[in-house]
Every structure is written in C-alpha cells, then in structure tokens.
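Colleague: Before anything else, here's the structure in question.
The values are calculated or read from the model by the stated rules, or taken from the named source; none is laboratory data. Note that this is a predicted model, so its numbers are computed, not measured. Cβ coordinates were reconstructed from backbone atoms using ideal geometry, including for glycine residues, and neighbour counts include every protein chain displayed. Just so you know, the surface numbers come from the protein's heavy atoms only, side chains and all, with ligands and any DNA or RNA stripped out. Shrake-Rupley method; radii C 1.70, N 1.55, O 1.52, S 1.80 Å.
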Amino acid sequence: MMNKRTKLQSFILYALVISLVVFCIFPFLQILSTSLKHPIDWGNPSLIPKVLHLDAYKELLGLMPPKEIEVPASIQRLLDNPALSETKRQALLAKFTSGGDVFSFGRYMLNTFVISLVTGVCATFLASLAAYAIARLRFPGQSVMANGVLFVYMVGGVLLMVPLYQMSVSVGLASSVGGTLLSLFLIYLIQTLPVAMYMLGNYFRTIPFSLEEAAMMDGCSRVEAFWRIIMPLSKPMLFTVFIYCFVIAWNEYLFASVFLKQYQDFHTLPLALQTLFTSKNAIWDRIMAASMLTLLPVIICFMLANRHLSGGLTEGGVKG
C-alpha cells in the first residue's frame, strides 16, 4: 500500500503546480492588461488598468469612425472651388482623415482563417483515409510507410523552405497570388499530414475490428463500414486532429513570410503582426490587442476540443 503524502508534501506539491501555472499564464495576463490600458497608464506595473481603455480593440475591429483632421484654409479654399470635380474633392478630403492608416486586422484574420480552415479540413480528410489504410489493410511496404511517414515531420522547416520556394518558382506558382496560396496550402498539408496520420492510425487500431465485420456481414462494403462505423466512432480524434492542423496553419510564420511577402493584402496574422511592430501604427495597446485577438480563435478551439474529448474513445461502440 502506498504511503499517503504528508500535509507538508502536499503543500509543496500544490505550491509548485500553482507557481508553474502562474509562470505560464503571466505573459498572457500581461498582454491582456496592456491592451486594456490607456497610454498614460502604460508605466503602471499593475496588471489591473486604472481606466478600462477599449479603443485599441475598436480600431482593430473597425468599430471607430475615422477622425477628421482640421483642414488648412488653403485646402478649404481649393475644396470650395466649384470647378473641382467630386472625385478629386473626395480624394483630397481622404488625405485629412486618420482612418486610412489603421491596421487592417479584419482582412488579415479572414486570410488566416480561410487558409487554416481549408488546411484543417483537407488534412483531416486525407489523413483519415491514409491512416485507415495503414491501420487496417495489408499491402507491400506497409510497415515502411507507417514508420517513414513521420520522416517529413522530423525535417525542420528551415531546411525545406528554400527548396520548396525554388520549386514553386520553377513551376510558375510563385508568379501569381493564386499559385502562391496554393503553394502555401500544399506546404501546410506537408507539415500536418504526418502527425495527423500517426494520431488517427493509432486511434483506429483501438476500435474493435468486430464492428466492421458485423457491418460487412450485414451487407456493407469496406468503404461503407469505414464511413458508417469508423468515422462516427472517431469523432473525438477527428476533431482533435482538425484542431491540431488548424492551429499549426494559424500560427505558421516562416513559410508565410517568404511566400506572401510581396502580396500584402493576403498576409496572414503572424506575418501582419510582425509588420505591425515596425510600422507607424506600432502603438503598444494596439499591438497587444491584436495579439489577444489572434490568440482568441486558438483558445476557442482548445475549449471546444476539451468539450468533445470528454467522452470515451469507443463509448457505446460494443454492447454486451
């Protein structure tokens, strides 16, 4: 029988765990605190803002109207000239508003969301087919494929970046926006498929083969048994794999910085945030607010994953 921990041991253990959690969470609390502080409160070391300041979030989300700047008298006289066309008048007025140089957060978030969503869906679908073949079928070279599928994942992205970009340029994909996005999408598939196949393959092996045999005895083909038996029972792992692929594509910076550098309108959030640090819009509350909004989808994904994974792996799959 194992000895019970003393009160002192329990106290030390809980203190270490709480210290570790605080150490991990503190940077995020600091980001949130700075994003909510007024510029005059940035020097305050406290995590609690003296005045709640939401202007940075409003600017990033496009909730603040553009602020008009006082037009000089000489420009006003030019605007009052009846011979000036309406198009030129509006173009001249646009130069005296501060809304045109605001960080286009919404556009960058949409770009990142679309790329991450497509990557997650396609990688999960392809990985499920490949993982089922490796876990259930027997064919020559199966063990080599099963053990070598992680080799691509073991190679660092820095080593693959230059060859992959040269390949994209040589076939003409890098010369257009569509080709560049296709290249980036294929690279994200290469990054996520190995681990996705490994995770799903191990999960499929835990599902009793007797369920598929029973389905095939009832007249289902192997494909029908896969879609009607394996896939429904694998929903928790499929959702986990999707979130893994989604988050990898969402946070990826290295390849996006190379492939999308010349297409600013199609920048993803990691690349756009790095650009924001060196731009004239680099204000601390705006930078931290953009960082928090970038973290929000990832946090939501993990919360949803935690909810889906609360059930058993094959709970209810086999009845006695």
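Colleague: Just going by the charge dipole of the stretch 149-273, with Lys and Arg at +1 and Asp and Glu at -1 on Cβ, which of 176, 245, 259 is farthest out on the positive end?
Modeller: Going by the charge dipole, the pick is 259.
Colleague: Shifting gears a bit: Using the reciprocal of the averaged 1/r over all distinct C-alpha pairs, how large is the Kirkwood radius of the chain in Å? If you can, show how the numbers build up before the last one.
Modeller: Details: mean 1/r = 0.0410 Å⁻¹.
It works out to 24.4 Å.
Colleague: Please return the longest stretch of the chain lacking exposed loop sites, where GluC sites (Glu not before Pro) count only if DSSP places them in a loop and at most 11 other Cβ atoms lie within 10 Å.
Modeller: Details: sites that count: 70, 315.
Of all site-free stretches, the longest is 71-314.
Colleague: Give me the one-decimal nm value for the distance between modelled label points at residue 104 and residue 118, 7 Å along each residue's Cα-to-Cβ direction.
Modeller: According to this spin-label approximation, the distance is 1.8 nm.
Colleague: Within the chain, what whole-number % of the accessible surface is contributed by carbon and sulfur, with the 1.4 Å probe and all protein chains included in the calculation?
Modeller: Working: 13540 of 19710 Å².
Here it works out to 69 percent.
Colleague: Ignoring the sites themselves, what is the longest stretch of the chain with no trypsin sites (Lys or Arg not before Pro) in a DSSP loop and at most 15 other beta-carbon atoms within 10 Å? Display every interim value, and only then the final one.
Modeller: Working: sites that count: 4, 5, 50, 67, 95, 138, 261, 280, 319.
The longest such stretch corresponds to 139-260.
Colleague: With label points built 7 Å along Cα→Cβ from the Cα atoms of residue 257 and residue 84, find their separation and express it in nm.
Modeller: 4.4 nm
Colleague: Moving to a separate point now. With point charges of +1 on the Cβ of Lys and Arg and -1 on the Cβ of Asp and Glu, referenced to the Cα centre of the chain, which listed residue (206, 275, 147) lies farthest in the positive direction of the dipole?
Modeller: So the residue furthest toward the plus end is 206.
Colleague: Please give the contour-minus-distance gain from residue 138 to residue 18: 0.36 nm per residue of separation, less the Cα-Cα distance, rounded to one decimal in nm.
Modeller: Working: separation 120, 0.36 × 120 = 43.20 nm, distance 4.89 nm.
Taking 0.36 nm per residue and subtracting the Cα distance, the gain is 38.3 nm.
Colleague: Residues of the chain: accessible area per residue at 1.4 Å, in Å²?
Modeller: Solvent-accessible surface per residue comes out at 62 Å².
Colleague: Separate question: Ranked highest first by the average count of other Cβ atoms within 10 Å around their residues, in what order do 291-297, 269-275 fall? Write down the numbers at each step before the final one.
Modeller: On the way: 291-297: 16.9, 269-275: 19.9.
Descending mean neighbour count gives 269-275, 291-297.
Colleague: Report relative contact order for the chain in percent, whole number only (criteria: Cα-Cα under 8 Å, sequence separation at least 6). Write down the numbers at each step before the final one.
Modeller: Working: 285 pairs, mean separation 81.5, N = 320.
RCO, the chain: 25 percent.
Colleague: Turning to a different aspect of this structure: Kindly write out, for the stretch 204-215 in residue order, the coupling ³J(HN,Hα) from the Karplus curve 6.51 cos²θ - 1.76 cosθ + 1.60 (θ = phi - 60°), rounded to whole Hz, with x marking Gly and Pro.
Modeller: Those phi angles translate into 4, 5, 7, 7, x, 5, 4, 5, 5, 4, 5, 5 Hz.
Colleague: Could I ask something else about it? In deg cm²/dmol and to the nearest 500, what is the mean residue ellipticity at 222 nm of the chain if only DSSP H runs of at least 4 residues count, each as -39500 (n - 2.57), divided by the residue total? All intermediate terms of the calculation are to be shown ahead of the outcome.
Modeller: Details: 15 runs with 208 residues, N = 320.
Calculated from helices alone, the mean residue ellipticity at 222 nm is -21000 deg cm²/dmol.
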